[in-house]
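Structure first, then comments.
The values are calculated or read from the model by the stated rules, or taken from the named source; none is laboratory data. Predicted, not measured: the structure shown is a model, and the values here were computed from it. Note that each Cβ is placed from the backbone with ideal geometry, even for glycine, and that neighbours are counted across all protein chains shown.
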Amino acid sequence: MTTMAFFRRLYEYRDLLLVFVWREFLVRYRQTLLGLVWVLAQPLSMMALFIFIFSYVLKIKFGSVPPVLFYFSGLVPWLFFSTALNYAIPSLTNHHVLITKIYFPYEILPLSGISLAFIDYLIHMIFFMLLLVLYKVHLTWNVLWYPVLALQLLLFTFSIALFLSGLNVYYRDVKMATGFLIQLWFFASPVMYSIDNLDMKIKILLFANPLTFIIENMRRCLFEGRGVIMDQMVLVTVFIVLLCWASYKYFLRIGRAFADVI
């Protein structure tokens with residue numbers, strides 16, 4: 001199925017997608033006292049913990065970048081990725097009654113989970129921009145790379161979520177292993193550290209994870225005024241696009257039997 005066919009299917013069922021997103025949003029914040037404040041509670045608490053451990057206990061410094069900005073800049077993309085996977089992977093099995101009763105593009109379910117995580121991401125970005133203003137960060141034209149890197153993050157997240165959510169229909173071990181998988185991915189991503197002072201062999205190993213390229217370059221274009229290395233940019237973009245295409249093809253192929261298996 002072509003890219004245009006995907007967007008055409010998505011456009012035809014856009015109302016259903018919005019219904020799923022709105023329903024999950026209401027379920028998430030129903031009967032909560034603080035509401036959307038909880039969206040900021042996780043990154044702020046993690047940032048405070050990182051600052052205490054690495055800045056005050058271990059006394060690690062990352063150049064001239066304030067610890068608040070360094071850690072929050074890594075947490076923003078990471079939390080989108082991890083939250084999206086937590087929502088998307090069990091989305092098909094959570095709605096098994098719908099899948100067995102009516103037909104609709106099943107990719108809408110994991111996509112609704114990603115959309116809900118994207119709402120959190122936008123809130124985090126608004127707070128992050130306020131921090132940039134507060135700390136008087138001087139931005140250069142290379143900050144225009146940030147939306148491109150964010151698009152890479154979105155496509156990569158969609159690819160992984162689509163693949164694992166479809167696989168979870170057949171093997172429920174996937175949902176059970178999700179927490180462990182995300183933990184491993186967290187330590188393999190430069191959220192709480194920088195790769196600048198690491199050995200070259202370790203750098204190459206970490207760059208096998210596209211999140212390493214995305215998070216590191218998000219920081220560089222913001223705080224160092226540096227652009228991306230084009231060879232790396234092209235390589236990562238091609239890999240993510242191919243992964244997205246392969247994941248969607250795989251999802252459509254196994255999706256024909258979802259109603260029977262689920």
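Per-structure values
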read-out: Some residue of region 63-83 being modelled with pLDDT under 85 and more than 30 Å from TRP22 (Cα to Cα); value: yes
read-out: Any hit, region 4-21, residues being in a helix (DSSP H, G or I), within 19 Å of the chain's Cα centre (by Cα) and basic (Lys, Arg); value: no
read-out: Total residues in region 183-219, condition touching a residue at least 24 places away in the same chain (Cβ under 8 Å) and either in contact with a His (Cβ under 8 Å, 6 or more places away or on another chain) or basic (Lys, Arg) (or both); value: 1
read-out: Residue check, VAL191 under 18 Å from the mean Cα position of the chain (by Cα), more than 26 Å from HIS95 (Cβ to Cβ) and hydrophobic (A, V, I, L, M, F, W, C); value: yes
read-out: The one condition in (1) surrounded by fewer than 17 Cβ atoms within 10 Å (Cβ to Cβ); (2) more than 28 Å from PHE52 (Cβ to Cβ) that ASN197 fails to fulfil; value: (2)
read-out: Residue within region 45-61 that is outside any helix (DSSP H, G or I) and crowded, with 18+ Cβ neighbours inside 10 Å present; value: no
read-out: Evaluation of ALA188 against (1) under 18 Å from GLY63 (Cβ atoms); (2) surrounded by fewer than 17 Cβ atoms within 10 Å (Cβ to Cβ) (one fails), failing number; value: (1)
read-out: Every pair of residues 6+ apart whose Cβ atoms lie under 7 Å, when the first sits in region 227-246 and is among the aromatic types (Phe, Trp, Tyr) while the second is surrounded by 12 or more Cβ atoms within 10 Å (Cβ to Cβ); value: PHE239/PRO210
read-out: Unique match (being modelled with pLDDT of 95 or more and among the aliphatic types (A, V, I, L, M)) among LEU211, LEU184; value: LEU211
read-out: Identity of the residue in region 102-150, outside any helix (DSSP H, G or I) and among the hydrophobic types (A, V, I, L, M, F, W, C), that ends up surrounded by the fewest Cβ atoms within 10 Å (Cβ to Cβ); value: ILE102
